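Report on the following structure.
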Amino acid sequence: MSASGVLSFTQQGWEQVLAKVKRAVVYLDSACAESLHWGCGSTRLLEAVGGPDCHLRDFEPDAVGGGAKQPKAVFVLSCLLKGRTVEILRDIICRSHFQYCVVVTAVSHAVHLTANHVPAAAAAEMEGQQPVFEQLEEKLCEWMGNMNYTAEVFHVPLLLAPVAPHFALTPAFASLFPLLPQDVHLLNSTRPDKRKLGSLGDVDATALTPELLLQIRCLVSGLSSLCEHLGVREECFAVGSLSRVIAADLANFAPAKNRKKTAAGRASVVFMDRTLDLTGAVGHHGDNLVEKIISALPQLPGHTNDVMVNMIELTALQTEEENCNVVAPGCLAQSNDTTAKALWEALLNTKHKEAVMEVRRHLVEAASRENLPIKMSMGRVTPGQLMSYIQLFKNNLKALMNHCGLLQLGLATAQTLKHPQTAKWDNFLAFERLLLQSIGESTMSVVLNQLLPMIKPITQRTNEDYSPEELLILLIYIYSVTGELTVDKDLGEAEEKVKKALAQVFCEESELSPLLQKITGFGIRMMLTSSDWDSSINLTFHKSKIAVDKLFTSLRDIAGARSLMKQFKSVYVPGNHTHQASYKPLLKQVVEEIFHPERPDSIDIEHMSSGLTDLLKTGFSMFMKHLSSS
């Protein structure tokens with residue numbers, strides 16, 4: 001998959017949108033905003049809208065409507081035009097003065113037919129027709145109050161947020177997560193006794209809920225559009241139960257049959273269940289600056305993969321806490337700044353030490369080009385040193401504008417280096433290394449008993465101790481890297497001690513974080529008087545313990561996620577007299593298997609045939625044959 005192809009796929013999609021937005025009020029949902037953010041930047045959208053007043057708005061129920069002098073609206077949406085989405089559209093339009101409405105959806109018309117329960121045979125006969133979009137166009141005119149007004153509804157595959165060459169994200173599917181064993185019980189609750197699922201290995205498309213199937217079909221439609229743009233016929237492979245369903249759906253996606261017959265190129269697409277290896281997702285082994293920036297800095301609102309960079313150091317404001325929200329934040333995405341993009345790509349691909357040196361080098365070169373009075377210093381890069389270079393740009397508007405993207409990345413680096421979370425990174429890493437050495441020598445119950453003293457209520461915690469959220473990260477790491485457990489009395493007793501300690505910590509938090517609110521089902525505790533709490537809104541130990549019990553059910557599922565694997569059963573590499581025990585990412589194992597010329601077929605990498613709905617457990621004879629002909 002070419003880097004230019006992925007970027008041009010996103011940019012060409014946005015060019016179709018930008019052609020419609022001149023002098024319009026533009027409403028975007030979060031996923032489309034994120035695609036724009038990384039693909040071509042909001043500046044391109046602002047330029048395309050033009051005019052003295054530019055109105056960009058979140059697509060949400062409370063969004064402000066269009067005024068009397070705003071006759072045109074463009075809605076850019078990542079989701080199906082159905083249900084709540086259509087209701088929000090109607091409400092916004094009805095309280096506006098629009099005479100021209102354009103609705104762009106990232107979901108193809110074929111998927112809209114599926115969502116409206118149109119049989120596959122009937123849908124095939126409608127090729128070239130778009131009745132769902134045409135019906136909505138009529139509704140838009142009705143809501144605008146005049147059937148002679150103009151309405152357009154069309155599909156643009158705004159699937160990707162291209163973060164870097166060869167690396168793109170799908171923000172609309174951030175919540176699409178593989179199934180866990182406990183989900184099998186939920187799926188079985190609606191199935192007759194004779195058709196009960198035994199395990200995740202039995203899950204296929206017919207077992208999934210209609211909502212999940214539709215979400216998968218939306219993803220598949222977008223991926224099919226990407227393959228069409230790249231001019232390739234894809235062969236689909238899967239590692240894991242949900243990946244198997246997605247790969248099979250893409251392999252048999254009916255609207256793509258003609259495309260595949262005429263495609264000049266070939267491509268292999270490998271889907272992997274993230275739950276098979278959560279160790280890397282929560283671990284701290286990676287010696288990468290970007291990973292630390294994303295962990296330390298606050299999330300950019302409405303985004304899943306960018307952060308807020310505090311820009312107040314480049315203003316005349318004092319740096320007190322109350323001023324932090326006065327200045328718009330910076331971010332990592334610099335899609336229109338060539339120099340900043342080059343630095344960003346370097347940060348992604350180099351180790352921490354080299355990355356901070358690269359940031360310093362870019363700042364020094366930029367200051368030199370602007371003839372700023374820079375004082376060179378060698379040796380270790382410090383946050384103070386980076387800040388001294390950045391502040392040289394502070395009172396020079398021309399230099400600020402020329403290097404705005406670079407300065408945002410420089411500030412992100414400096415703020416991360418001096419962030420308390422970065423100092424704690426080494427504590428995490430030390431615990432994880434100790435755990436890896438313990439796995440080969442100790443049982444899970446011993447490991448959990450080692451964790452127990454680290455679980456401290458808020459009244460006993462210092463800055464160096466682990467917060468509840470950080471304890472959850474450690475638990476996910478422990479269970480994922482350990483793998484399938486031997487359940488015995490000792491493990492049950494150790495888990496129970498940890499559960500009770502965690503439940504008590506949750507109860508004593510003065511304010512529950514959004515994550516803990518989601519886990520426990522409780523919001524922020526409210527104090528009625530200086531000493532009394534309202535028990536009706538207070539998180540009791542009993543309710544907290546129920547939430548923690550459910551949490552540990554998921555942890556057990558995570559530990560057993562690889563139990564159905566034949567070859568990829570472990571991400572743990574035992575130590576020996578020359579090497580310490582280590583973690584080997586599942587993705588790395590899969591890639592090594594794919595490209596190793598002498599390995600026999602792996603039955604864990606399943607090829608999904610476009611000619612059969614059933615999977616063919618062939619793996620490499622097909623895979624390597626395909627690679628050699630690509």
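The values are calculated or read from the model by the stated rules, or taken from the named source; none is laboratory data. Keep in mind the model is a prediction, meaning the values are calculated, not measured. We work out accessible area using only protein heavy atoms, side chains counted, and drop any ligands, DNA or RNA first. Shrake-Rupley method; radii C 1.70, N 1.55, O 1.52, S 1.80 Å.
Which of rounded, prolate or oblate describes the range 391-530 when judged by the alpha-carbon gyration tensor and an a/c cut-off of 1.5?
oblate
Return one whole number: the accessible area per residue of the chain in Å², for a 1.4 Å probe.
Per-residue value: 49 Å².
Arrange the residues E15, E598, E606, E313 by how much accessible surface each exposes, largest first, with a 1.4 angstrom probe. Display every interim value, and only then the final one.
On the way: E15 90, E598 160, E606 15, E313 45 Å².
Sorted by accessible area, descending: E598, E15, E313, E606.
So what does H166 come to for accessible area, using a 1.4 Å probe and Å² rounded to 10?
130
Could you tell me whether the chain comes out rounded, prolate or oblate from its Cα gyration tensor? Rule is a ≥ b ≥ c as square roots of the eigenvalues, rounded for a/c under 1.5, then prolate if a/b exceeds b/c, otherwise oblate.
On the way: a/c = 1.35, a/b = 1.07, b/c = 1.26.
It is rounded, given that a/c, with a ≥ b ≥ c, falls under 1.5.
Using a probe of 1.4 angstrom, how much of the accessible area of the chain is carbon and sulfur, in percent?
About 54 percent, which is the carbon plus sulfur part of the accessible surface.
Checking the a/c ratio against 1.5 first, then a/b against b/c, what shape does the Cα gyration tensor give for the range 39-177?
Values: a/c = 1.90, a/b = 1.08, b/c = 1.75.
Verdict is oblate for the range 39-177.
Could you calculate the contour length gain from T578 to H166, that is, 0.36 nm times the residue separation minus the distance between their Cα atoms, to one decimal place in nm? Please list the in-between numbers first.
Values: separation 412, 0.36 × 412 = 148.32 nm, distance 3.56 nm.
Contour length minus the Cα-Cα distance gives 144.8 nm.
Leaving ligands and nucleic acids out of the surface, order S295, S480, S442 by accessible area at 1.4 Å, largest first.
Greatest to least solvent exposure: S295, S442, S480.
Give me the percent of DSSP beta bridges within the chain that run antiparallel, rounded to the nearest 5.
30
Keeping all protein chains in position, work out how much accessible area H285 exposes to a 1.4 Å probe, and write it in Å² to the nearest 10.
Surface open to solvent at H285 totals about 70 Å².
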